[in-house]
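The values are calculated or read from the model by the stated rules, or taken from the named source; none is laboratory data. Only a predicted model underlies this, so the values are computations on that prediction, with no experimental measurement involved. Positions of Cβ are generated from backbone atoms using ideal geometry, with glycine treated the same way; all protein chains shown enter the neighbour counts. Side chains included, ligands, DNA and RNA excluded: accessible areas come from the protein's heavy atoms. Shrake-Rupley method; radii C 1.70, N 1.55, O 1.52, S 1.80 Å.
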Amino acid sequence: MKKRLSHNLVSAVNSLHLSGSSKPLSFHKKTRFIQTVQTCNNLVLPTLTHSKILKSGLLNDTIITNHLINGYIKSQQISQAHQVFDEMPEPNVVSYTSLMSGYISAGTPQLCLWMFREMHNSPVLPNDFTFATAVNACSILADLQKGKQVHGLVEVFGFRFNLVVCSSLVDMYGKCNEVDFAQLVFDSMADKNVVSWTSMITAYAQNGRGNEALEVFREFNLLDWEIPNKFMLASVINACASSGKLVSGKTTHGAVIRHGHDSNDVVASTLVDMYAKCGCIVYAARVFRRVRNPCVIPYTSMIVAAGKHGLGKVSIELFEEMIDKRIKPNDVTFVAVLHACSHSGLVDQGLEYFNSMSWKHGVVPEAKHYTCVVDMLSRIGRFDEAYRLAKSIKVNPNEGASLWGTLLSASRLHGRLDIAVEASKRLIESDQQVDGAYVTLSNAYVLAGEWENANDLRKKMKQTGVCKEPGCSWIDIKDSTYVFYAGNISFKRGTEVLRMLKELEREMKEKGRSKGLVFVDVEEEAMEETVDHWLKRLNREP
């Protein structure tokens, strides 16, 4: 029984049949070549087909050669695909776009942008898929400068209202932490689909603006013309997790079940993460256990969730369960289990897992794993080992910031001023986490009784214009969110909170457990002035 050709295949073959060639081949033979290339699923078949096309004299035919390029790309042979491209007498927009897409699939988006520049210097004009592919490369690289350059060409070539291109631009600006630009592009779109709405929700969710992400989702639901897909629901759940919206999270969980996405690994993982962050570890475990045959993603999410709640032994049990099921852990899984061991004091088990990463599981330790080990050793006072390990690792500035920041915080808490000074210098010299480094080192000086050094450091911060963004926490009660910033007591229902603080302070003093309220990262004199000011203000209120 003959298989019905796809619409694209029929179009391609008709083009071949009508265009003619110096050495005509039968319609069915050309069809067979294209069918074979389209179904390439191993390393040998594209090469064999390539040989047959060469013998048939069709290698100069652009349409068949484009299919051959895609065949090599599907079999993950990008270098052979590029070689075929280089031998083409007249590559067209499909040739360029296919190879660009291939480089993204191969994990080399920078080469995708190089191909895009080569195309720009050729007579071939880009289409909407070309631009979407180039924007996607910028998104993966989080390269805002190149993304804006591509955006400029989008405007020049008249694709500013194209649905596919604009959805890619929204995603790119979101990945580059430019959510307001993403919103501008989104608002300019005449037509939107579930992909574009998902891109906008994701942009807000990934940049810590969960409330705005939920507002966009509410707008989408009001349209009532398209149902949310699993990707949109996963982004909404992430927004609920980042903003602590447990009620909204439960509502979205209901939508997940209604639309049949509760067994999806990615959606289940986001639900586990959301419930854990909202303090509902039991709900997180229930969601995880309802996933049939969970892969590494749900397992990793559950290991992280248990670790955050101080259930290190549960994290280890989950890890061992995963190994028993022959599920291969990845680099993120090891970060999760090492973090869990660190926060539960399971140092011996943590070091054992770290040492087995490479030889037993084939995962090469990276800077993030060494950071976990440094944290693990520091927490039990083994600072000299942690310090030697930190100095022995070659890391880039971003990775170094996490590594030395971890060591700095631990050394301050345990009074190791020598290591705190060294870690702070490393952070300041690399221009990473400068504000936090100054403040933490200042507090370390205070704990060590070196007030003069602490004051000098604070003066230096003021002179250089360094200021630390205040810490923030919040709680969601019914339909209201209460946000608290460090050092700021003027917030919603602040009077009630101040009264409670004053009562707690009185009781703690009576029991001899405290000299007064403690504010983190504030000089003692300023701390006392702040407390006195607000307590006096409270006393003046009726």
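A few points about this structure:
- Exactly one residue out of GLY405, GLY415, GLY436, GLY381 is surrounded by 17 or more Cβ atoms within 10 Å (Cβ to Cβ) and modelled with pLDDT of 70 or more, and it is GLY405.
- Test: residue in the stretch 164-179 that is over 16 Å from the mean Cα position of the chain (by Cα) and aromatic (Phe, Trp, Tyr): no
- Residue in the stretch 93-104 that is assigned to a loop (DSSP other than H, G, I, E, B), open to solvent by 10 Å² or more (accessible area, probe 1.4 Å), without any contact (Cβ under 8 Å) to a residue 40 or more places away in the chain and over 25 Å from THR198 (Cβ atoms) present: no
- All of LEU271, LEU318 fail the test of being within 30 Å of GLU226 (Cα to Cα) and crowded, with 16+ Cβ neighbours inside 10 Å, apart from LEU271.
- Between ILE227, ILE237, the distinction of being at negative phi and either hydroxyl-bearing (Ser, Thr, Tyr) or outside any helix (DSSP H, G or I) (or both) belongs to ILE227 only.
- Scanning the stretch 255-268 for residues that are open to solvent by less than 20 Å² (accessible area, probe 1.4 Å) and closer than 12 Å to MET302 by Cβ gives a single hit, ALA268.
- From LEU222, LEU271, LEU214, LEU246, residue being more than 22 Å from ASN162 (Cα to Cα) and free of Cβ contacts under 8 Å to residues at least 24 places away in the same chain: LEU222
- Restricting attention to the stretch 58-91 and to residues that are over 30 Å from the mean Cα position of the chain (by Cα) and surrounded by fewer than 16 Cβ atoms within 10 Å (Cβ to Cβ), the residue that is modelled with the lowest pLDDT turns out to be ASN60.
- Some residue of the stretch 246-253 being touching a strand residue (DSSP E or B) at 6+ places or on another chain (Cβ under 8 Å) and open to solvent by 10 Å² or more (accessible area, probe 1.4 Å): yes
- Subset of the stretch 402-420 that is hydrophobic (A, V, I, L, M, F, W, C) and over 22 Å from ALA367 (Cβ atoms) - its residue that is nearest to the chain's Cα centre (by Cα): LEU413
- Some residue of the stretch 153-166 being crowded, with 22+ Cβ neighbours inside 10 Å and either in contact with a His (Cβ under 6 Å, 6 or more places away or on another chain) or small (Gly, Ala, Ser) (or both): no
- Set ILE201, ILE227: member being in contact (Cβ under 8 Å) with a residue 24 or more places away in the chain and surrounded by fewer than 16 Cβ atoms within 10 Å (Cβ to Cβ): ILE227
Rundown of residues vs (1) buried (at least 24 other Cβ atoms within 10 Å of the Cβ); (2) in the same structural domain as ALA420 (by the TED database), yes/no style:
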| site | (1), (2) |
| --- | --- |
| HIS309 | no, no |
| LEU338 | yes, no |
| LYS360 | no, no |
| VAL364 | no, no |
| GLU385 | no, yes |
| ARG388 | no, yes |
| SER392 | no, yes |
